[in-house]
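For reference, the structure discussed in these notes is given below.
FYI, it's all coordinate maths here, none of it is from the lab. Small disclaimer: the values here were computed from a predicted structure and weren't measured. Virtual Cβ from ideal backbone geometry, glycine too; neighbours counted across all protein chains shown.
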Amino acid sequence: MALTPSTMLPLGTKAPNFNLLDACSGKILSLDQLKSDNATVILFICNHCPYVKHIQDELVKTANRYQAKGIHFIAINSNDIESYPADSPENMRKNAETHHYAFPYLFDETQAIAKAYQAACTPDFYIFDRDLLCVYRGRFDDSTPGNGIPVTGKDLSAALDALLDNQSIDSNQQPSVGCNIKWKKL
């Protein structure tokens, strides 16, 4: 496991569209179908990463809280499943059911969407406003496995609260850190 930081997509970047398999429903879903008129959180996660596992319970609580306020969450897994079969669509579905994901969990088989978003690690978070412009990218909070800091989601929540209150979001955003996306070998 290589500790990898976010690449920090430039603020103001338009969210790249996608059509990806939802591991839970078996349907192909697009950003246009899933986006919110308020804000959309796109997160790159996977099943096996200890950094994702570390925040998973609080992530589900945070998503539930903000989805009730009209913000949509979309999780994407872009890992190479030949090398990491724990991240297969079938295992994604099982993980989503076990942890009660109330948001779609999409599989980026070609890894083109991770590249379009400049995603580098799991977890990697992005908030897009109603116009699908990036207003936040970075970490959930400052907790990582073993550092003793409680998982709260405070960084992501602060940005979402500011957006909901029509306040400016602090542009001093910290990169997420986690496992690198497991890229396919060419």
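Below is a table of values for the structure above.
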| read-out | value |
| --- | --- |
| Residues of the range 1-49 satisfying the condition of being of a type in the set (S, T, N, Q) and either closer than 12 Å to A119 by Cβ or under 14 Å from the mean Cα position of the chain (by Cα) (or both) | T4, S6, T7, T40, N47 |
| Subset of the range 78-93 (residues that are touching a residue at least 40 places away in the same chain (Cβ under 8 Å) and within 11 Å of A23 (Cβ to Cβ)) | D87, P89, E90, N91, M92, R93 |
| Lone qualifier among D141, D124 - being surrounded by 15 or more Cβ atoms within 10 Å (Cβ to Cβ), within 21 Å of L29 (Cα to Cα) and among the acidic types (D, E) | D124 |
| Hey, S168 of a type in the set (G, A, S), surrounded by 13 or more Cβ atoms within 10 Å (Cβ to Cβ) and over 22 Å from L20 (Cβ atoms) or not | no |
| Residue within the range 95-104 that is of a type in the set (G, A, S), surrounded by 24 or more Cβ atoms within 10 Å (Cβ to Cβ) and touching a strand residue (DSSP E or B) at 6+ places or on another chain (Cβ under 7 Å) present | no |
| Scope the range 1-11; condition among the hydrophobic types (A, V, I, L, M, F, W, C) and either buried (at least 18 other Cβ atoms within 10 Å of the Cβ) or part of a strand (DSSP E or B) (or both); matching residues | L3, L9 |
| Unique residue being closer than 22 Å to L20 by Cα, crowded, with 20+ Cβ neighbours inside 10 Å and without any contact (Cβ under 8 Å) to a residue 40 or more places away in the chain when the list is A114, A159, A119, A75 | A75 |
